[in-house]
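Here is the structure we will look at.
The values are calculated or read from the model by the stated rules, or taken from the named source; none is laboratory data. From a predicted model like this one, the values you see are computed outputs, not experimental measurements. A quick note on method: Cβ atoms are made from the backbone with ideal geometry, for glycine too, and the neighbour counts reach across all protein chains shown. In case anyone asks, the SASA skips ligands and DNA or RNA and just uses the protein heavy atoms, side chains included. Shrake-Rupley method; radii C 1.70, N 1.55, O 1.52, S 1.80 Å.
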Amino acid sequence: MANTKPTIDNPETLAEVLEKGAQTGIRVLSCVNVTKGMKGQEIAPLEELSAAGAAGFTDDGVPILREDIVREAMERAAKLGKPVTFLPDALGQKAAIDALPEGAVAMLENVRFHPEETSKVDAERETMAKELSTYGDIFVNDAFGTAHRDQASTATIAKFMAEKPVGGFLMEKEVANIEPMVTNPPKPQVAIIGGAKVSSKIAVLESLMKNASALVIGGGMAYTFLKAQGHKVGKSLVEDDFLDTAKKLLSDAAAKNVKIILPVDHVGAEEFSPDAKAVAVDNIDIPENLMAMDVGPKTVAAYKEVLSTAKSIVWNGPVGVFEFDAFAKGTEQVARLVAEATGRGAMTVVGGGDSVAAVNKFKLADKMTHVSTGGGASLEFLEGKTLPGIAILAQK
């Protein structure tokens, strides 16, 4: 790879970089997410970038073992039909990268092994970002999973690149599918919001309420809402500190003419265990000795009715403890209803780690318009927040 400083005048997309990069000898620096067990998912444009020459580094929310990065490098090498050099550190690699031949690809160690990556001190992040910036001529951010983090490799690096960074193909796909769900979705829109706690979903409920005609609220968080309405919830998970918040959200929805769908029957258990006996509760109120673990058939029927006319659906969070087979039916039925809606032409987006795990468990991921690769990133995007890793890009 030539040790020069070629340029491409103000590229806005990765396609432009690929079109001109091979002719100009441009060197591309790409940030990707690699997580244990990904097994070759399409997470980075390294195959396409190799024509121009690329150095890729990994950034993920949890420490990744070196063997996972090496494995990913080997998988990339197999797809490329050429070696992918693994460099054992994210920093101090300028000489090694400069020594790479034309068209070569290198993968650096996880940037999270350096505390400067996540430092709250600007100067520390900038020192690391400045060094990373010397590895390439154009920065391609394809790490949507960490786009919500203002860190050295996700955002600060943009200060030191001569050209405005561009998004990778995965980043482009995520933005193209999630952003319309917040700004201008096909209507009627239905949002399915589940998960354990109301406290973690307040902002996304408020955001989606602006466009949705109906909000389906399930999972553990639903029982805070039911208790706020005066219903008996037994031993179900409830955030008592957020009862007033739940009441306000219900009031706001009514004022906006947004229908709220809460469970009207349940599948309960005496204990939170995969071996617990499932008990059908054919009533909105739950006996004192039971905790809700899943929704019942009446609730699923209500979901089916509201989803049958939806032109767009966004799903974040399961409606039951789907990890336990005895309490997975409700979430499985939601996944099938969303898949059916996709088949009718609705735009469907699944975002959030547990929702993604659910559609994968039920082998329905390929029946959705889009399944996001970002947990926290997709949630914050749905909340309407500006993500630092997207804000730096030439074309948002």
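Quick notes on this structure:
- Criterion: among the acidic types (Asp, Glu) and at pLDDT 65 or above - qualifying residue of Glu48, Glu117: Glu117
- Taken over the stretch 335-360, the criterion of being outside any helix (DSSP H, G or I) and either at positive phi or at pLDDT 95 or above (or both) is satisfied by Arg344, Gly345, Ala346, Met347, Thr348, Val349, Val350, Gly352.
- Residue match in the stretch 226-243 (condition: closer than 18 Å to Glu383 by Cβ and touching a strand residue (DSSP E or B) at 6+ places or on another chain (Cβ under 7 Å)): no
- Annotation: Asp244 fulfils all but one of (1) surrounded by 14 or more Cβ atoms within 10 Å (Cβ to Cβ); (2) over 26 Å from the mean Cα position of the chain (by Cα); (3) not in a loop (DSSP other than H, G, I, E, B); the unmet one is (1).
- Those residues of the stretch 247-287 which are among the β-branched types (Val, Ile, Thr), open to solvent by 40 Å² or more (accessible area, probe 1.4 Å) and part of a strand (DSSP E or B), in sequence order: Ile260, Val279
Conditions tested, residue by residue: (1) surrounded by 19 or more Cβ atoms within 10 Å (Cβ to Cβ); (2) without any contact (Cβ under 8 Å) to a residue 60 or more places away in the chain.
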residue	(1), (2)
Asp294	yes, yes
Ala301	no, yes
Glu305	no, yes
Ala310	yes, no
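- In the stretch 315-334, the residue that is surrounded by the fewest Cβ atoms within 10 Å (Cβ to Cβ) out of those that are assigned to a loop (DSSP other than H, G, I, E, B) and without any contact (Cβ under 8 Å) to a residue 60 or more places away in the chain is Glu323.
- Among residues of the stretch 288-314 being under 28 Å from the mean Cα position of the chain (by Cα) and in a helix (DSSP H, G or I), the one that is farthest from Thr342 (Cα to Cα) is Thr299.
- Of the residues Lys363, Lys385, the single one that is assigned to a loop (DSSP other than H, G, I, E, B), open to solvent by 50 Å² or more (accessible area, probe 1.4 Å) and free of Cβ contacts under 8 Å to residues at least 12 places away in the same chain is Lys363.
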